[in-house]
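K.L.:
One structure is given below, represented as structure tokens, and several questions about it will come after.
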Amino acid sequence: MRVFKHLCLGAAALVIGMGSALAAEKPTLKIGYVNGWDDSVAVTHVAGEILQSKLGYKVELKPVEPAIMWQGVARGDLDATLSAWLPATHGEYYEKLKDKVEILGTNYSGAKIGLIVPEYVQAKSIEDLEKYAKDFDGKITGIDAGAGVMRRTEDAIKEYNLASIKLMPSSGPAMATALTRAEKAQKPIVVTGWIPHWMFAKWKLRFLEDPKKVYGDDERVDTVANPELKGKAADAAAFLSKLSWSGEEVGAVMLAIREGAKPEQAAKDWIAAHPERVDSWLK
């Protein structure tokens with residue numbers, strides 16, 4: 001009987017040891033995101049926290065520029081990114097590297113750039129801006145000169161013959177500050193912007209209609225991985241392929257970060273508040 005007990009204990013210890021070894025063998029996952037893009041920061045930190053707390057991986061989040069991000073995934077220096085804007089914004093990178101990367105899924109649909117106004121503004125389309133030019137002091141509040149949305153806005157001013165309108169370059173934070181002041185005073189304002197963005201979680205905003213499609217069609221944000229990810233971390237790849245959320249959801253995380261929360265804490269708080277949503281990605 002004593003021998004039998006010792007054998008059972010030994011077998012149990014072996015099973016526990018094997019389990020620990022298997023857990024220890026999980027690779028460290030490296031996820032790239034676009035440095036300075038609020039939506040990229042939000043989705044990457046949420047995904048990273050789930051990979052760590054729910055699936056047991058060690059995760060390294062790498063803030064990089066878009067070109068480096070795509071090259072890193074293609075080479076295997078990065079395992080994945082959840083920040084691939086397609087088909088237009090990152091289309092050139094994808095065309096060059098599509099044979100070396102794999103699209104796992106779309107984590108956000110309906111991404112777009114354009115001109116944004118508060119809900120209370122009378123103008124409905126870009127064409128209306130000439131009519132209501134005095135309401136906006138004849139200006140569109142922009143972001144950094146040279147940004148894609150700024151170049152498209154210069155084209156829009158020409159295409160829609162907005163002779164009374166000038167595009168005023170500033171920065172992302174300066175644009176947000178101007179919008180904050182306008183909202184507080186309920187004054188009309190037009191800004192260059194995009195969705196997903198935290199400002200859509202804070203205020204009731206809408207895009208001006210663009211019948212000439214100067215800003216192009218809606219885009220999507222895809223999750224792109226190195227092809228080897230499925231082989232070395234199948235459950236992680238499966239989860240990343242299912243992660244998909246709305247503008248309100250990503251906006252809530254972005255807004256929390258904007259209002260002072262660390263990205264890691266904002267991600268943890270959102271995950272704790274949405275257990276069913278997270279479970280749906282893990283099934």
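The values are calculated or read from the model by the stated rules, or taken from the named source; none is laboratory data. If you're wondering where the values come from, they're calculated on a predicted model, not measured in any experiment. Cβ: placed from backbone, ideal geometry, glycine included. Neighbour counts: every protein chain shown. The protein model used for the area step is the full one, side chains on, heavy atoms only, and it has no ligands, DNA or RNA in it. Shrake-Rupley method; radii C 1.70, N 1.55, O 1.52, S 1.80 Å.
K.L.:
May I ask you to evaluate 6.51 cos²θ - 1.76 cosθ + 1.60, the Karplus curve with θ = phi - 60°, for each residue of the stretch 180-189 and list the ³J(HN,Hα) values in order in whole Hz, giving x for glycine and proline?
P.N.:
4, 5, 5, 4, 4, 8, 6, 9, x, 7
K.L.:
Viscosity 1.002 mPa s, temperature 20 °C: Stokes-Einstein D of the stretch 112-228 from its Kirkwood Cα radius, in µm² per second?
P.N.:
Answer from the Stokes-Einstein relation: 146 µm²/s.
K.L.:
Further question: Choose one of A201, A67, V43: the residue whose Cα lies farthest towards the positive end of the charge dipole of the chain (beta-carbon charges +1 Lys, Arg; -1 Asp, Glu; about the Cα centre).
P.N.:
V43
K.L.:
From Cα coordinates alone, what are the radius of gyration and Dmax values for the stretch 35-126 in angstrom?
P.N.:
16.2, 51
K.L.:
Oh, and also: If you place +1 on the Cβ of every Lys and Arg and -1 on the Cβ of every Asp and Glu, how big does the dipole about the Cα centre of the stretch 25-102 come out, in debye to the nearest 20?
P.N.:
Using Cβ point charges on Lys, Arg, Asp and Glu, the stretch 25-102 gives about 220 debye.
K.L.:
So how compact is the stretch 178-252: Cα radius of gyration and Dmax in angstrom?
P.N.:
Considering the stretch 178-252 through its Cα atoms, Rg and Dmax are 17.9, 55 Å.
K.L.:
What's the carbon and sulfur percent of the chain's accessible surface, probe 1.4 angstrom, rounded to a whole number?
P.N.:
Carbon and sulfur together cover 53 percent of it.
K.L.:
Apply the Debye scattering formula to the chain, with a single equal point scatterer on each alpha-carbon and no solvent, then give log10 I(q)/I(0) at q = 0.08, 0.11 Å⁻¹.
P.N.:
-0.41, -0.70
K.L.:
Might you tell me the accessible area per residue for the chain, computed with a 1.4 Å probe and given in Å²?
P.N.:
Solvent-accessible surface per residue comes out at 52 Å².
K.L.:
With no solvent and one point per C-alpha, what does the Debye sum give as log10 I(q)/I(0) for the stretch 125-164 at q = 0.18, 0.21 Å⁻¹?
P.N.:
For the stretch 125-164 at q = 0.18, 0.21 Å⁻¹, log10 I(q)/I(0) is -0.49, -0.65.
K.L.:
Further, regarding this structure: What value does the stretch 220-280 have for Rg/Rh, both radii from Cα atoms and Rh as Kirkwood defines it?
P.N.:
That ratio is 1.03, to two decimals.
K.L.:
Follow-up question, since we're still on this one. Leaving ligands, DNA and RNA out of it, work out the accessible area of R277 with a 1.4 Å probe and give it in Å² to the nearest 10.
P.N.:
80 Å²
K.L.:
Using only the alpha carbons of the stretch 71-173, determine the length spanned along each of the three principal axes and report them from longest to shortest in whole angstroms.
P.N.:
Principal axes ranked by extent give 53, 26, 25 Å for the Cα atoms.
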